[in-house]
Amino acid sequence: MSKQSTFRLRWKGAISEPLSLGQISDKLRSGEISLIHNIEVEGSWITIREYFRTIGLSRSPITTASQIKNQESGNNPPELKASETGNINNQPNLEHLVRMGYLWCGSTFIFPLLFSLIVPILEFLTKATFPFSSRFVLLAFGTLAGCGLPYLSIRHINAYIQDHGLSDIVKDQQKLYVTLATTSALVWLIVFWILAGTKA
């Protein structure tokens, strides 16, 4: 792959002015961009992470910065210490975390159904049929818990990707979570109200 002196970046359709690898590295360190931003290489768009791997740079923005400076100055990159290599390899994959965040948002429709199983299980164990009010209260509690539980994981993921300059994705995931959790709660409460009434 022939080396370019400047590169354009793309994020959500917006394309930047040409930047050098050093400028890109500085933006990575400051959190302005992340490794999942797209970079234009010979007319094709790939993620910065993929491009760095093709030219032999590490995934760590800090280590990558020193490697880029050495590369631009013509020096050989310094050998990494074992502890530094371990830290690089142990870093969570940003693309994977972003996907997991969206999956947790979607799980707000699944958890209420799973939590609702507590009602038939309790009725089976006690060998008694609960009255409508008790059954619906348990189902409503399971619905709210099921809609709220994914937020703990989403918040943990968002805290990490926020530190890597993905504030736009954090906002998108939070909006999506609120929308899906609210919709899920309303849908399941209506469904459980009907089901609780039919068995009363």
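A compact table of results
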| item | result |
| --- | --- |
| Test: Gly13 is free of Cβ contacts under 8 Å to residues at least 40 places away in the same chain, at positive phi, surrounded by fewer than 15 Cβ atoms within 10 Å (Cβ to Cβ) and of a type in the set (Gly, Ala, Ser) | yes |
| Helices (runs of 4 or more DSSP H) completely within segment 11-114 that count 3 or more residues being modelled with pLDDT of 85 or more and closer than 30 Å to Ile190 by Cα | 94-106 |
| Criterion: in contact with a Cys (Cβ under 7 Å, 6 or more places away or on another chain) and among the β-branched types (Val, Ile, Thr) - qualifying residue of Ile190, Ile154, Ile121 | Ile154 |
| The lone exception for Lys175 - which of (1) modelled with pLDDT under 90; (2) farther than 19 Å from Ile110 by Cβ it fails | (1) |
| Leading residue by the ranking (modelled with the lowest pLDDT) among those in segment 140-169 that are within 30 Å of Arg29 (Cβ to Cβ) and among the small types (Gly, Ala, Ser) | Gly165 |
| Enumeration of residues in segment 161-189 that are assigned to a helix (DSSP H, G or I) and at positive phi | none |
| Of residues in segment 152-200 being without any contact (Cβ under 8 Å) to a residue 12 or more places away in the chain and more than 24 Å from Phe141 (Cα to Cα), the one surrounded by the fewest Cβ atoms within 10 Å (Cβ to Cβ) | Ala159 |
| Unmet requirement for Val137, which otherwise passes all of (1) of a type in the set (A, V, I, L, M); (2) more than 26 Å from Leu28 (Cβ to Cβ); (3) buried (at least 19 other Cβ atoms within 10 Å of the Cβ) | (3) |
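The values are calculated or read from the model by the stated rules, or taken from the named source; none is laboratory data. All values reported here derive from a predicted model rather than from experimental measurement. Note: ideal-geometry Cβ built from the backbone for every residue, glycine included; neighbour counts use all protein chains shown.
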